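After the structure tokens below, expect a handful of questions from me.
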């Protein structure tokens, strides 16, 4: 153990970003997991101090020495930074839990969602464990629970992804655009009106306020986006279903935090609405919120800041007894990023703690 | 003919609503179709005058006499009003074109989308022709074009429906909520924050500003909403595919005007991306806007106020050569309601004009 407390030492890379902030909040609610906690970030943020577990902790620049004696390292950094620094941290002996895209599809890096495949955390030939993207994390815990009962065959997904999925600049851009459009009643009824008013597009390829933007992530082959192919590749890997059919359309919506997913899932076995609701209701990490009579269903504004995946609008298809349609919501910064990293790191820390 | 001009006389019921306003705009761009145009609305709105084809026209209360001598009657009124008044108008000799839900699924009422099944307008045993709902109209012209080439087998749809789909109160509610949330940076990161700020929910079952609401329409069986079952029933009827599999999840988004649809379509025949794009590009009523390299795709703010269905994000599934994924946008008040009514009525008017 790297710490006098007998508890593992943790290094956090990317402590100052949108996900990093949530990581520190979550770490502050978990007091007996780690001894020392070290914070690192880009050169630009070094020298600041941040609050963790009630204490001010200095942020150092990312150097190899940050990881000396660290048992676990959490990475909440861009892909290229993770690709470069995670192997360095692993070489210095830290078990790396990386939230970026850099290692997700590598066969020698496990892709772990603790509610779904916790056992995969044990075998990490490169010293790195990856977590899936926030789109996959918005639905995989609920879908994984249904898969255990009905055996999944096909997913058709349409997403409603929040601005914060694009980081702090996504949040800042949407707030700035909302400020500009405000309640301006001249807007919204003629083509292009909003484009002239919102100002900077930030990380989005079109105005987001009073609009939806059918593009998240970068460009992949055949017109698909990286988030769309990621949903397919990551779900196949996590559920160990290499032949799973997955078709996704990823869309950004003018919501600050909270990804939602409309999911059409086809299974090997016959489904049932009440049974599916029961499975979701009793699955760890899932909350069922589903009463059409009283218009109860999850919405992103109701789930932002909470840990679980919220499931609602559960329906059986009248055209296919093996299919279920549902609407899922989760906080993309918590379970969708920081919480999954924290939970995965805790599985490793628990194995290290005597 | 009811008019001295030799052109058909038109009566418009529901002239003062959100769809009625667009109806009058569209009628003003078409000068040689009708002779007299009469406007009717609820008692409350009677006595006002509205601009049509550059002239002020008085609005009368809805009475049976409004339809005496009218050749064509357009209805843009709530379901119950249409159910009561359309048979009265038909009994007085007017060919009724109704945009409401009242007659859509009746076997003796044709359900017409002029780009898809114009021939159906001819046979109207009850004197009434219906148009589908705005959700169906957002995608049926594009899907109908692809069906003619590949023969449709299954649709999985997730919608991004605008506030104006819920009428004037929907528009007013979203503007009022956007005014309240403005650019308030304290919002959006904690559960329920928005609920305390937006004020009146209006016609929506949850806050719409900075949120998405997975519920449109009324309650149907099995947890489905009326818009979701409507998409299924209407698409089956229009395409004359009684066994078509349709699974839809309908979601309201904080957009004033412009419905969008993420569609996964499975066909009898093998599809091709370029070919599908070509089919869409040359189909009347559809505009292709699809270049991933330059991030070109339709968004509701780009299409509001325009007539066609905009198609983009066309992709072939790597898992199923017979499937296509695409993103469609259309103005829900124009093609999604008023324009379809106007086009359908013109098919009837053209047959009446010598």
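Since every read-out is calculated from the coordinates, none of them should be taken as a lab result. The structure displayed is predicted, hence computed values, not measured ones. With ideal geometry, Cβ positions are generated from the backbone for all residues, glycine too; neighbour counts draw on all protein chains shown.
If you take every DSSP beta bridge whose two residues both sit in the protein assembly as shown, what share of them, in percent to the nearest 5, is antiparallel?
Of all bridge pairs located within the protein assembly as shown, approximately 50 percent are antiparallel.
Can you divide the C-alpha Rg of the stretch B:104-221 by 2.2 N^0.38 Å and report the result to two decimal places?
1.43
Once the Cβ-Cβ distance between residue A:148 and residue A:352 is put in as r, and R0 is 25 Å, what FRET efficiency do you end up with, to the nearest 0.05?
0.30
Another question about this same structure. Considering chain B as a Gaussian network with a 10 Å cut-off on Cα pairs, which listed residue, B:26, B:187, B:324, attains the greatest mean-square fluctuation?
Result for chain B, Cα springs under 10 Å: B:187 fluctuates most.
Moving on to the next point. Sort all Cα-Cα distances of the stretch A:136-199 into consecutive 5 angstrom bins from zero, then give the percent of pairs in each bin up to the one containing the longest distance.
For the stretch A:136-199, the pair-distance distribution reads 4, 13, 16, 13, 13, 10, 9, 9, 8, 5, 0.
For the protein assembly as shown, with equal point scatterers placed on the C-alpha atoms only and solvent neglected, what are the log10 I(q)/I(0) values from the Debye formula at q = 0.05, 0.11 1/Å, to two decimals?
Taking Cα atoms of the protein assembly as shown as identical point scatterers yields -0.26, -1.08.
Using 1/(1 + (r/R0)^6) with R0 = 35 angstrom and r between the beta carbons of residue A:42 and residue B:320, what's the FRET efficiency to the nearest 0.05?
0.20
Rg and Dmax of the stretch B:1-74 over Cα atoms: what are they, in angstrom?
For the stretch B:1-74, the Cα radius of gyration and maximum Cα-Cα distance read 11.4, 33 Å.
I need the calculated FRET efficiency for the pair residue A:184 and residue A:30, taking r as the beta carbon distance and R₀ as 60 Å, to the nearest 0.05.
The calculated FRET efficiency here is 0.85.
Please give, to one decimal in nm, the separation of the simple spin-label points placed at residue A:122 and residue B:273, each 7 Å out from Cα toward the Cβ.
4.2 nm
Can I ask one more? How compact is the stretch B:1-136 by the rule of thumb for globular proteins, expressed as Cα Rg over 2.2 N^0.38 Å?
Dividing the Cα Rg of the stretch B:1-136 by 2.2 N^0.38 Å gives 0.98.
Using the Kirkwood formula over every pair of different C-alpha atoms, what hydrodynamic radius in Å results for chain A?
About 21.0 Å, per the Kirkwood formula over Cα pairs.
For the stretch B:162-278, taking Cα atoms only, what is the radius of gyration to one decimal and the Dmax to the nearest whole Å?
Cα-based Rg and Dmax for the stretch B:162-278 come out at 17.9, 52 Å.
Compute the whole-percent fraction of alpha carbon pairs in the stretch B:137-332 spaced more than 22 Å apart.
Every Cα pair in the stretch B:137-332 considered, those over 22 Å come to 51 percent.
Which three numbers, in whole Å and largest first, are the semi-axes of the equivalent ellipsoid of the stretch A:110-166 derived from its Cα gyration tensor as √(5λ)?
Value: 22, 18, 8 Å, ordered largest first.
Shortest first and in nm with one decimal, please list how far the residue B:295 label point sits from its counterparts in the other copies (point 7 Å along Cα→Cβ).
In nanometres, ordered from closest: 3.6.
May I pose another question? Starting from 0 in steps of 5 Å, tell me what percent of the Cα-Cα pairs of the stretch A:270-354 lands in each bin.
Percent of pairs per bin, in order: 3, 14, 19, 19, 16, 12, 9, 5, 3, 1, 0.
Still on this structure, I have one more. Which value in deg cm²/dmol, rounded to the nearest 500, describes the helix-derived mean residue ellipticity at 222 nm for chain A, given -39,500 (n - 2.57) per DSSP H run of n ≥ 4 and division by the residue count?
-8000 deg cm²/dmol
Continuing with this model, one more query. For the stretch A:68-131 and the stretch B:115-165, what is the separation of their Cα centres, given in Å?
So the separation of the two Cα centres works out to 49 Å.
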